[in-house]
Amino acid sequence: MEAIIRRIRELKKEKDVVILAHYYTDGQIQALADYVGDSYYLSKIATEVSQNTILFCGVSFMGESAKILNPKKTVIMPDSYADCPMAHMADTDKIKEIRETYEDVAVVCYINSTAEIKANSDVCVTSANAIKIVKALPNQNIYFIPDGNLGRYVANMVPEKNIIINDGFCHVHTSIKRKNIEKAKEVYPEALVLAHPECTWDVLEIADYIGSTSGIIEFATKSTSCSFIICTEMGVLYELEMKNPNKKFYSVGHRQFCPNMKRITAEKVLEQLETINHVVELKEELSKRANNALVRMLELASWR
Ligand code: 13P
Ligand code: SF4
């Protein structure tokens, strides 16, 4: 493995490539990346890096977003089959129908969505900025796609708006069950429950903290508590344990890992640096329309 890592380092310098990785990738991938973060951080950093090529260790919507925001750069992915099923769980005909039904509606799409869905939306959000952006929008009616669980969470936090919820979901987060958290609490009564808003509402109800992957890491790191029940994908444990070697982190299920994120291996990263052949390509017109929703997110999220 050392030889692979050494070769990755040589090639990315030689070919002017920057490696971005999401917290759900394997620890080994996070260790070799130049930047690691949640979806919001990664989309922002993708607009700031100087390298001509971005190698994105994440699922398709992440590579697509980086390409949409940087049409002149080359964006490559280690595994072109690493896709997020939830990104496809919204329907453009339904968006049309909602736009016809509600005069004053903003279509808000979670960044976990295809370029086609983004192109038909008014603004993108991530779990780190969804509440802030929905509050900042002038519209009273919000059609929130694709994730129903994040949509319900936003509706709860922004009760002054009418949030129309879609029925998309993440199979990883919905596999985390309240009864298992309650059982874990019996064993570790001191542990705080930290949950991603893609979890179901009954899980969020008993969480001590709800936030994005970065939010969860920051909360646990700053907390004076020493043990935590982590209700999100297990990849975050790499950063949590690195930053907090004396704290304990527990998971509650065997399905708390994203099989698509785990398709990314160091061997595939190396192969991609050698071949540069999994290039993200999007039609120009589609990319321009999707870009509007992403740029609006970056603008609204940076407002103080
Ligand atoms: P974050 O935006 O919190 O990184 O989450 C991304 C994701 O895919 C959650 O399942
Ligand atoms: Fe998609 Fe869920 Fe994997 Fe996140 S954890 S990339 S939402 S399948």
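What follows is calculated from the coordinates using simple rules that are stated; it is not laboratory data. Note that this is a predicted model, so its numbers are computed, not measured. Because the Cβ atoms are built from the backbone with ideal geometry, glycine has one as well, and the counts that use them run over all protein chains shown.
The mean sequence distance of close C-alpha pairs (under 8 Å, at least 6 residues apart), as a share of the length of the chain, puts its relative contact order at 23 percent. As a proxy for reagent exposure, ranking His88, His196 by other Cβ atoms within 10 Å from fewest up yields His88, His196.
A full extension of the chain between Glu267 and Ser80 corresponds to an added length of 65.9 nm, given 0.36 nm per residue minus the alpha carbon distance.
By the beta-carbon count within 10 Å of each Cβ, the least crowded to most crowded order of Met1, Met242, Met234, Met86, fewest first, is Met1, Met242, Met234, Met86. With the simple model of a label 7 Å out from the Cα in the direction of the Cβ, Ser225 to Asp208 spans 0.2 nm.
Tell me the GluC sites (Glu not before Pro) within the stretch 184-245 that lie in a loop according to DSSP and have at most 13 other beta-carbon atoms within 10 Å. Walk me through the intermediate numbers first.
On the way: sites: Glu186, Glu190, Glu198, Glu205, Glu218, Glu233, Glu239, Glu241; in loops: Glu190, Glu198, Glu233.
Counting only loop positions with at most 13 other Cβ atoms within 10 Å, the GluC sites (Glu not before Pro) in the stretch 184-245 are Glu190.
Here's the picture: a label point sits 7 Å out from the Cα of Lys247 along the beta-carbon direction, and within the stretch 212-235 the residues with their amide nitrogen under 15 Å of it are 212-232. Which residues does a label at Glu103 reach in the stretch 120-139, if reach means a backbone N under 15 Å from a point 7 Å past the Cα toward the Cβ? The answer is 139.
Just tell me the longest site-free run in the chain, where the sites are chymotrypsin sites (Phe, Trp or Tyr not before Pro) in a DSSP loop having at most 13 other beta-carbon atoms within 10 Å. Walk me through the numbers before you get to the answer.
Working: sites that count: Tyr81, Trp303.
Excluding the exposed sites themselves, the longest stretch runs over 82-302.
Using helices alone, what [θ] at 222 nm do you get for the chain, with -39,500 (n - 2.57) per DSSP H run of 4 or more residues, divided over all residues and rounded to the nearest 500? The helix contribution divided over the chain gives -12500 deg cm²/dmol.
Could you tell me the relative contact order of the stretch 1-113? Use alpha-carbon pairs under 8 Å, at least six residues apart, and round to a whole percent.
Working: 136 pairs, mean separation 23.3, N = 113.
Computed value for the stretch 1-113: 21 percent relative contact order.
Out of all DSSP beta bridges with both ends in the chain, state the antiparallel percent to the nearest 5. Could you put the intermediate results ahead of the total?
Working: 1 of 34 bridges.
About 5 percent, rounded to the nearest 5.
Quick one: Cα centre-to-centre distance for the stretch 281-304 and the stretch 51-105, in angstrom? With the stretch 281-304 and the stretch 51-105 each reduced to a Cα centre, they are spaced 10 Å. Kindly provide the GluC sites (Glu not before Pro) of the stretch 11-117 that DSSP labels as loop, not H, G, I, E or B, and whose Cβ sees at most 10 other Cβ atoms within 10 Å. Within the stretch 11-117, the qualifying GluC sites (Glu not before Pro) (loop, at most 10 other Cβ atoms within 10 Å) are Glu48, Glu103.
Mean-square fluctuations from a GNM of the chain, with a 10 angstrom spring cutoff on Cα atoms, peak among Lys72, Lys44, Lys177 at Lys72. Using a simple spin-label model with pseudo-atoms 7 Å out from Cα toward Cβ, Glu284 and Tyr35 lie 2.6 nm apart.
So how do Ile45, Ile8, Ile216 line up by other beta-carbon neighbours within 10 Å, fewest first? Mind showing how you got there, number by number?
Details: Ile45 17, Ile8 22, Ile216 26.
Ranked by crowding around the Cβ, least crowded first: Ile45, Ile8, Ile216.
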